[in-house]
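S.K.: Dropping a structure here in structure tokens format, bear with me for questions.
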Amino acid sequence: MSSPTPTFETILYSVEDHIATITLHRPERMNAWTLQMCNDLRAAFDLTDRDDDVRAVIVTGSGRAFCAGADLSGGSQTFGAAKPDKDTPVRRDTAGLVTLRIFDSLKPVIGAINGAAVGVGVTMILPMDVRIASTEARFGLVFNRRGIIMEGASSFFLPRLVGMPATLDWIYSGRVFPASEALEKGLVSALHPPESLMDAARALAHEYADNTAPVSSALTRQLCWRMLGASHPMEAHRAESRALMARGGSEDAVEGVKSFFEKRPANFTDRVSSLPDVFPDWVDPEF
């Protein structure tokens, strides 16, 4: 059973039918990014990981935008109050804190990009597993036009998703491009009319939540994302062998085979909150 629905300052959070929906909720500011939104999103993904009732997560935005980028109401000091020197401690990028948290998610994550996605509005969706968009959505990696630099660990994620030519074109130019180009280049996998976007996202989420073992999905997600940086397929072989051995003797594996022969939906009971430690050498890197 899910815990009581929490409240946040900058997002909405709900759980229904095993699906958590996280909605960026500063519609009067086109859901512009703030430190509070960073903190709220990280806390929300902590909740989805802990809640065994949650089997998939959808992230979307309120109103006409997904996220219009950093809130620029701070003017010229938005990205830093003073020019740093060699002794100034490095301040961690808040977008990166969120993308790393999503990277570590134990549940499948679907981005439903309902409108304008600019700056961090793009980089935060990169570690999501599936990204679908409204036909009205527009995207912009405008960092160089603001005199800053790409963030959110996007120099890791973006070339792996769309290739180096598209990455550099979008970053060098800083231009805003339509949803059709995002689809063509592989940033999103499907486009939907605005009125049916969330229905499509929920249909995907139910495919993941209703038909598969949650622990298997959690391990699969970690395997696929972490193996992006593997230096040799042997790393994947070792990790998969450990995971397969752990899952092969599980109650879920017994139920999966039994339900197949009995021609009925499986009732998987293993809990993600009790995820086996099959990856002992995977340690979160220190900053």
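The values are calculated or read from the model by the stated rules, or taken from the named source; none is laboratory data. Computed from a prediction, not measured in an experiment: that's the story for all the values here. FYI the Cβ positions are ideal-geometry reconstructions off the backbone, even for glycines, and counts take in every protein chain you see.
S.K.: Here are some residues: Pro108, Pro27. Which one is under 13 Å from the mean Cα position of the chain (by Cα) and under 19 Å from Leu12 (Cα atoms)?
M.R.: Pro108
S.K.: Additional query: Being closer than 22 Å to Thr94 by Cβ, among the aromatic types (Phe, Trp, Tyr), at pLDDT 95 or above and assigned to a helix (DSSP H, G or I): is that true of Phe66 here?
M.R.: No: the conditions fail for Phe66.
S.K.: Taking the condition of being buried (at least 16 other Cβ atoms within 10 Å of the Cβ) and not in a strand (DSSP E or B), how many residues in the range 1-34 meet it?
M.R.: 10
S.K.: Among the numbered criteria (1) over 14 Å from the mean Cα position of the chain (by Cα); (2) of a type in the set (A, V, I, L, M, F, W, C); (3) in a strand (DSSP E or B); (4) surrounded by 22 or more Cβ atoms within 10 Å (Cβ to Cβ), which one does Met37 miss?
M.R.: Checking Met37 against (1) over 14 Å from the mean Cα position of the chain (by Cα); (2) of a type in the set (A, V, I, L, M, F, W, C); (3) in a strand (DSSP E or B); (4) surrounded by 22 or more Cβ atoms within 10 Å (Cβ to Cβ), the one that fails is (3).
S.K.: Answer yes or no as to whether Asp199 is exposed (fewer than 15 other Cβ atoms within 10 Å of the Cβ) and under 30 Å from Pro178 (Cβ atoms).
M.R.: Here the answer is yes, as Asp199 does meet what is asked.
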